Amino acid sequence: MAKKAVFWTGNEVAAEAAIAAGCRFFAGYPITPSSEIASVMSLRLPEESGTFIQMEDEIAAMGAIIGASLAGVKSMTATSGPGFSLKQENIGFACMVEAPCVIVNVQRGGPSTGLPTHPGQSDLMQARWGTHGDHTTVALAPAYLSELYFEMIRAFNLSEKFRVPVIVLLDEILGHMSECFEVPTPKEYTIINRVKPTCPPEKYNPYEVRDGQLVPEMASYFEGYRFHATGLNHDKTGFPTTDPVVCHQDEVRQLAKISRNRAEIDSWEEVMTEDAEILVVSFGSTARGAHSAVLEMRKQGIRAGLFRPITVWPFPDEEVRRLARKAKAIVVAEMNLGQMILEVERAAHSDIKIVGCQKVGGVPVEPYEIVAKIREVA
Amino acid sequence: MAFDYTPYMRMSKLPHLWCPGCGIGIVVKSLIRAIDRLGWLKDDIAVVSGIGCTSRAPGYLDMNTLHTTHGRAISFATGIKLVRPDKHVIVIAGDGDMVAIGGNHFIHACRRNIDITCIINNNNIYGMTGGQYSPTTPRGAKASSAPWGNMEPCFDLTNLAMGAGATYVARGQVNNGVQLERLIRDGLGHHGFSVIEVLSNCHTQFGRRNKLPDPMQLIKHIQDKTVPKSKAEKMDSAELAGKFVVGELFRDADRPEFCDEYAKLQERAQAATKKKAAAPVA
Amino acid sequence: MSATPADSVVLVKSEKTGHAITIDEILCKGCTICVEICPKDVLEMVDAIDRWEGATARVKDIDACIACFICEHECPDFALLVYAAPKGEESGGGLNGEESGFLDRQ
C-alpha cells in the first residue's frame, strides 16, 4: 500500500488517527481550539458507519461517550480548558466504572475563559487531579503531528487495555499547525481491544480479577451479561457496597492498574542526556523549542540535554531521578506558571537546582528564553 | 393465574432500600408489567438512571443497567442508544435529577426525539438527600431547604416535555397501577422520545413536612389533585386550577426519530464517498 | 425464586372463589397501603415483632377478594401477589406463575 503524504493540522490528525484506532463514536461540544476535531469526526464517522453527535453541553458529551463505551464501542470526545473542567465529574465516573474512553484536551490560555485562541499548557495538573477522589488517569502529550497520530492510537490502546480514561493533551499550537507527514499504514501499529469475558453470564462478575490480574474482563451491554455499572463504590459484582475493606481494596486495584504497568504506559524522549549537565524538561509544543535551545547550547559548548515526557501521567519519576543524579541543574520549560516543575522537584529527590522557564499569556516559550535560563544555571 | 415479577428482578437484592410505602416500588412494578406485555427480552433492554432514590431502581432490575451521575442519565442513555439503536433504552429518575440538574439533557432529548423512554418519578422533593425542595415542589410547601415555605413556582413537567418536542407525553399516578402500566407500555412502544411523569409519594420527606406523613394520606392527596384527561377536556381553567391531568396527553407518531435520521445521514455519507472514490481522477 | 426463605411466604386461597393471595412477610414493610386501598377489606395489618416495622399485612377475609389486583399493583415491595382463579371456575385453577405464559416468551 502506497503511503499517503498529507499536510494536516493537528486537530485533523487527532480525528483521523482516532478513526484508524477504531473509534466509531464521538460526542462533543464546540470549544475553541478543539472544534475542528468535532468537524472532522462529523464528516468522517458517518462514512465509516460510525456515529457523531454534538451534545447540548460538555458534560453530556462525556456521558454519551461512556454510555457508548459500555455498549461496546470505542469512543472519544475533544475539548479545551473550560470544557475539561465541566467534564471532570464524568471523567471520575469513567474511572470508577472502568470505561475505556479518550478525551482530547487542546489546551488554551486559562484559567476560566482565558485565551480561547492561544495556546497554554496549564491543564497538566488538572489532567491528573481534576476529578475528586482517589483515581488514576493516563495522559499523553505528543509534540509532533506524526507522533500525535501514533499517540492517539496508543491512547485508545491504553484505555482499552487498562479500562481507564486516557487524556491526550494538545495545545492550540499543535491543534492548529500543519505538518507534512506520511500517514502510517496499519502495518506500523497494533490495535488493542478490551478483553471480553469467555465465561457464561451466570459466572460473570464485571469487576472481578483473578490470578494476579488487575483489569477485569469487560462485557458489553446487550450481549447477555446484563451487568450493573454504578459510580458508587462497588464490589466485584458491580453492586454498591460500603464495606470498608472491599472499597479500599477496589480503589487500590484501580490505581494499581496503572502504577504496576509502568513499563507499558511510560514513554519519553531523551536528546543528548547521556552527558548532560543542564537537563531541560519540557513537554508538548514547548519541547520543540526546548529541543532547539538544547542544540543551540551544545553548539556553544554547554552540555545541555532534553528530557521530554510523552506520557505525562503517570509522571516518569524514575527517569527524572536518574537524570537528576548526573546533572548540575534542571530547567523546566512550560506554558504555565509551574506545573511540571512540581513533579520534577518531587521526582528529582535531591538538592539539585531546579528552575522554571514559565510563560503564560498565550504565546509559546521561545528557544531564546530557554537558552537564557540555561545560561543562568550553567 | 398471577403475574411473576421475579424473572425481571435481581431478587437477591430484595428487600429494596426504599421506605415502607414509597411509590417508587409501584412504578418499578408497573414498568415490569409493561415490559412483559410487550414481550421484550431482558438482554435487549438498558435501564439508565442518575442519582437519588428513584435512580436506585436499575440496580434491582435484571437487565443491562447503568447508574450514572446526578442529572446525566439521559446523556449516557443517548450514547448507548446511538450505538445500539436496535435496542430498548429506558431512563428512570426523579424530579430533581431529571429537571433540575438534568434539565438541559431532558429538553434536548425531547428536541431530538431520540427513541428513549423517560420515566420521571415525581414525588415533588429531593428524597435521598433529606427533603430539599425541587423544581416541582408546590409553592408554599415546606421542605428541609424551605423551612419558611417554598417561595418558588414549579414546573409542569408534561408541558416542559411537550414544549421541548417530546412525541409521547403522559402523566400517571402511583395509585392507579393499571393506567400507569398502560401509559408506560405505550411510551415504551412509541418510536420517539417518550416521557411518562408519575405523580408519586415521598411521605417520609415531603409528606411528613406537609401534614401528610402516612403513605395512604399522601396517595389520597395525589388522587384528589388529579383529573382524567377525558373529564379535563370538559372543564374550564378555573375548575382545572391546581389539578393535574392524567392519561396520555400528547402523541405524535409522525415526527422523524433521531436514530432513523442519523442512519439516513450515514447512507448519504457512504454513497457520496463511494461516488467520489469511483470518479475518474482529474 | 423468592429473595426470602419459602416459609416467609404466606398463601391464603379462597375455597369459594378460587382467588388466592400470597404475602411475603419478610419483604412486606408494613406500609399499610394494601390494607387501606383494598375496596373489599380483605387485608389487615397485624403485629409481628420479628418482621419489618414490627408489622406485616395478612389476609383477613379471602372470600371477599374480587381479584381486582389493586393491592398487588400498589404494594411497593414485591411482597404481595394475587392469583386470580381462571374465569369460568368457582374454585381451583392454577396458582403457578408459569401459567401466565411468561416463561414461554423468553
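What follows draws every value from the coordinates through simple rules; no lab data is involved. This one's a predicted model, so the numbers in the text were calculated from it and none came from an experiment. Here the Cβ positions follow ideal geometry from the backbone for every residue, glycine too, while neighbour counts run over all protein chains shown.
One table, with the values for the structure above:
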quantity: Pairwise label distance in nanometres, A:SER292 with A:GLN249, each label 7 Å out on the Cα-Cβ vector; calculated: 5.5
quantity: Sum of side-chain charges, A:LEU306 neighbourhood, beta-carbon under 9 Å (Lys, Arg +1; Asp, Glu -1); calculated: -1
quantity: Computed over segment A:299-378: relative contact order in percent, which uses C-alpha pairs under 8 Å that are six or more apart; calculated: 31
quantity: DSSP bridge orientation in the protein assembly as shown - percent antiparallel, rounded to nearest 5; calculated: 35
quantity: Residue exposure sequence - A:LEU306, B:LEU183, A:LEU342 - by fewest surrounding Cβ within 10 Å; calculated: A:LEU342, A:LEU306, B:LEU183
quantity: For segment A:303-378 versus segment B:23-69, the gap between their alpha-carbon centres in whole angstrom; calculated: 53
quantity: Backbone HN-Hα couplings from phi across segment A:131-147 [Karplus 6.51/-1.76/1.60, Hz, Gly and Pro as x]; calculated: 9, 6, x, 6, 8, 9, 10, 10, 10, 10, 9, x, 10, 10, 5, 5, 5
quantity: Exposure proxy order (Cβ contacts within 10 Å, fewest to most) of C:ASP61, C:ASP24, A:ASP243, B:ASP186; calculated: A:ASP243, C:ASP61, B:ASP186, C:ASP24
quantity: Assigned charges on the beta-carbon of Lys, Arg, Asp, Glu; chain A dipole about Cα centre (debye); calculated: 580
quantity: At R0 = 60 Å, FRET efficiency that the Cβ-Cβ distance of A:ALA5 and B:LYS225 yields, to 0.05; calculated: 0.25
quantity: Net dipole in debye of chain B [+1 Lys, Arg Cβ; -1 Asp, Glu Cβ; about Cα centre; nearest 20]; calculated: 320
quantity: Mean separation of Cα contacts under 8 Å, 6 or more apart, over the residue count of chain A: relative contact order %; calculated: 16
quantity: Rounded, prolate or oblate (a/c below 1.5 giving rounded, otherwise prolate when a/b exceeds b/c) for segment A:1-124 by Cα gyration tensor; calculated: oblate
quantity: Set of aspartates and glutamates near C:LYS60 by C-alpha distance (under 17 Å), chain-local residues within fewer than 8 positions excluded; calculated: C:GLU15, C:ASP24, C:GLU25, C:GLU36, C:ASP41, C:GLU44, C:ASP47, C:GLU72
quantity: Residues C:TRP52, A:TRP268, B:TRP18, B:TRP148 arranged by fewest to most Cβ contacts within 10 Å; calculated: B:TRP148, A:TRP268, C:TRP52, B:TRP18
quantity: Crossing angle, helix A:35-47 versus chain A [Cα axis fit, 0-90 degrees, rounded to tens]; calculated: 40
quantity: Modelled label reach - A:THR117, point 7 Å along Cα→Cβ, segment A:326-368 residues with backbone N closer than 18 Å; calculated: A:361-364
quantity: Residue-wise HN-Hα coupling along segment A:111-125, computed from phi with Karplus coefficients 6.51, -1.76, 1.60 (Hz; x: Gly, Pro); calculated: x, 6, 5, x, 10, x, 10, 10, x, x, 9, 9, 9, 4, 5
quantity: Inter-chain Cβ neighbour average for residues B:21-32, partner chain, 10 Å; calculated: 4
quantity: Proximal lysines to B:LYS211, defined as alpha-carbon separation beneath 26 angstrom and excluding residues fewer than eight positions away on the same chain; calculated: B:LYS142, B:LYS220, B:LYS225, B:LYS243, C:LYS29
quantity: Segment A:162-282, relative contact order [Cα under 8 Å, separation at least 6], %; calculated: 17
quantity: Euclidean distance between Cα centres, segment C:16-78 to segment B:88-165, Å; calculated: 32
quantity: Segment B:145-208 shape via C-alpha gyration tensor axes, a/c threshold 1.5; calculated: oblate
quantity: Theoretical FRET efficiency, 1/(1+(r/R0)^6), r = Cβ-Cβ of A:LYS326 and B:ALA263, R0 51 Å, to 0.05; calculated: 0.25
quantity: When each of A:LYS87/B:LYS264; C:LYS13/C:LYS40; B:LYS42/C:LYS87; C:LYS16/C:LYS87; B:LYS29/B:LYS81; A:LYS257/B:LYS81 is checked by Cα-Cα distance, pairs over 19 Å; calculated: A:LYS87/B:LYS264; B:LYS42/C:LYS87; B:LYS29/B:LYS81; A:LYS257/B:LYS81
quantity: Segment C:1-53 shape via C-alpha gyration tensor axes, a/c threshold 1.5; calculated: oblate
quantity: Principal-axis tilt of helix B:73-83 within chain B, Cα atoms, nearest 10 degrees; calculated: 20
